[in-house]
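Remarks on the structure that follows.
The values are calculated or read from the model by the stated rules, or taken from the named source; none is laboratory data. As the structure is a prediction and not an experimental result, all values here were calculated from the model. All Cβ positions, even for glycine, are placed from backbone atoms using ideal geometry, and neighbour counts span all protein chains on display. Ligands, DNA and RNA are excluded from the accessible area calculation, which covers all protein heavy atoms including side chains. Shrake-Rupley method; radii C 1.70, N 1.55, O 1.52, S 1.80 Å.
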Amino acid sequence: MPASPDPLALARAGDSQAIVRVVRLELLRRGWPAQVHFADNTLHIHLLGSLPQGLSPPGVAAQLFLMVKQLRIPRLEQLEIRAFRGSQLLWQRSLRLGSQPRWDRFSFDSWTVNLWAYPAAVVVALLVNNIALLQVLHLPWHIWIHELGHATIAWWSGHRALPLPFGWTSISSEKDPFVYFGILFLLALLFKSAREEQIQWLQPLAIVLALLQFYMTWLMPNRTKEMLITFGSVGGEFYISTFLIACFYLRLPDRWRWDFWRFVVLGVAASSLWRSFWQWHSIQKGLAPIPWGTLLGGQGDAAGDMNRLVYEFGWSQSQIVQTYKGLGNGCVLFLLGLYALFGLRTNPEMWFSLQARLMLWVGALSGLRQRR
């Protein structure tokens, strides 16, 4: 008498009845009574009765997700989980598996774009900083980011400022209420647009920037403000470049859309960040001098940012080098973390798999502590 076919082999071959049977057997082995059916590439699991104590809905969903992944069922694109007590629906989860969205190079949700954007930007930055013609073309943008570092501190302190791409930023000596309320109005408009379009990350950012603006304009001591404006030149090469690079992943409100231009900004900002990062690491190793003086006045100009930090604000040369080097390291680490986060989040299957394993790991640790 021939042996009956292996249900798991049939399930992996795509047999719908075998898929339902295998999943039901796995659930019974765990002691979870359930109804299971498979249709339209979607696996429906209806959990019935009570589940083991200590398991939250996310924990149950995590276990079911990993269980289904281990079965390696083909043509499975969606997992629908519902938990019932009698006829009452307690909770439900919908998980997408194995389906890839249509390729769109301008999409913020494309895993391929988010995976390759930063490595491509690193290649562009290396080319720009090692080819003389590209260095010349990029230099005005780098200088403008440098001057924008001065200007952003001035603006957030309530002063008028005009950053120019030839090494000069005009800053008013007196605070201007128009600057304060103008920026506050723009932040309020940004918050309103983000709320209407449900862009979650932008709402708290607008609030934090408004609070920071209030402190810097009305509460921060003048000497601290002057020091930050001076520090913000080279500092801006790091934090403004990092902010622009980070914004590549972030969807803006519809009226501020930049689906295409974010690629251009990414290349320019990455080139500036790499230039500054490499420069200050070279300075720390003694391979390059501290950039004394100004672009227009030369190295002997006592109005240079590094000169002022030393002679007006009492910084040591070592403090300058270590501070800018540390800022550069922090910006790079932040971007690496952001790259990993968005690379995973735009691949829902991989992202939830990581979350599921983390939840189960935390649950196992909690169980060990309770037994002790």
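With r defined as the distance between the Cβ atoms of residue 115 and residue 285 and R0 fixed at 25 Å, what FRET efficiency is calculated, to the nearest 0.05? The calculated FRET efficiency here is 0.15. The helix-based estimate of mean residue ellipticity at 222 nm for the chain, built from -39,500 (n - 2.57) per DSSP H run of four or more residues and divided by its residue count, is -20500 deg cm²/dmol to the nearest 500. Per residue, how much accessible area does segment 113-177 have with a 1.4 Å probe, in Å²? Ligands and nucleic acids excluded, the result is 53 Å² per residue. Placing +1 on each Lys and Arg Cβ and -1 on each Asp and Glu Cβ, with no other charges, gives segment 188-307 a dipole about its Cα centre of roughly 180 debye. Under the simplified labelling scheme, the residue 316-residue 336 pair shows an inter-label distance of 2.8 nm, with each label point 7 Å from Cα along Cα→Cβ.
Placing a label point 7 Å from the Cα of residue 131 along the Cα-to-Cβ direction, none of the residues of segment 265-292 has a backbone N under 13 Å of that point.
Normalised by the number of residues in the chain, the average gap of Cα pairs under 8 Å and 6 or more apart makes the relative contact order 16 percent. Both radii are taken from the alpha-carbon atoms of the chain; with Rh as the Kirkwood radius, Rg/Rh is 1.12.
In the full protein context, segment 281-320 carries 59 Å² of accessible surface per residue, based on a 1.4 Å probe and ignoring ligands, DNA and RNA. Here's the picture: a label point sits 7 Å out from the Cα of residue 40 along the beta-carbon direction, and within segment 70-88 the residues with their amide nitrogen under 18 Å of it are 75-82.
Residues in segment 259-286 near a label at residue 197, defined as backbone nitrogen under 14 Å from the 7 Å Cα→Cβ point? The answer is 259-262, whose backbone nitrogens lie closer than 14 Å to the label point. Between segment 297-342 and segment 224-253, the alpha-carbon centres lie 12 Å apart. The HN-Hα couplings worked out from phi for segment 233-249 by the Karplus form 6.51 cos²θ - 1.76 cosθ + 1.60 (θ = phi - 60°) are 5, 5, x, x, 4, 8, 6, 6, 4, 5, 4, 5, 5, 4, 5, 3, 7 Hz, whole numbers, x standing for Gly and Pro.
Basic side chains Lys and Arg get +1 at the Cβ, acidic Asp and Glu get -1 at the Cβ, and with that the dipole of the chain about its Cα centre reaches some 1500 debye. Surface composition of the chain: carbon and sulfur make up 62 percent of the accessible area, probe 1.4 Å. Projecting the Cα atoms of 326, 213, 45 onto the charge dipole of the chain, computed from C-beta unit charges around the Cα centre, puts 45 farthest toward the positive end.
Here each label is just a point 7 Å from Cα along the line to Cβ, and for residue 264 and residue 301 those points are 2.9 nm apart.
Residues 192, 69, sorted by accessible area with the largest first, give 192, 69 [1.4 Å probe; ligands and nucleic acids excluded]. Counting only heavy atoms of the protein chains, get the accessible area per residue of segment 185-246 (1.4 Å probe) and round it to a whole Å² value. Accessible area per residue, segment 185-246: 53 Å².
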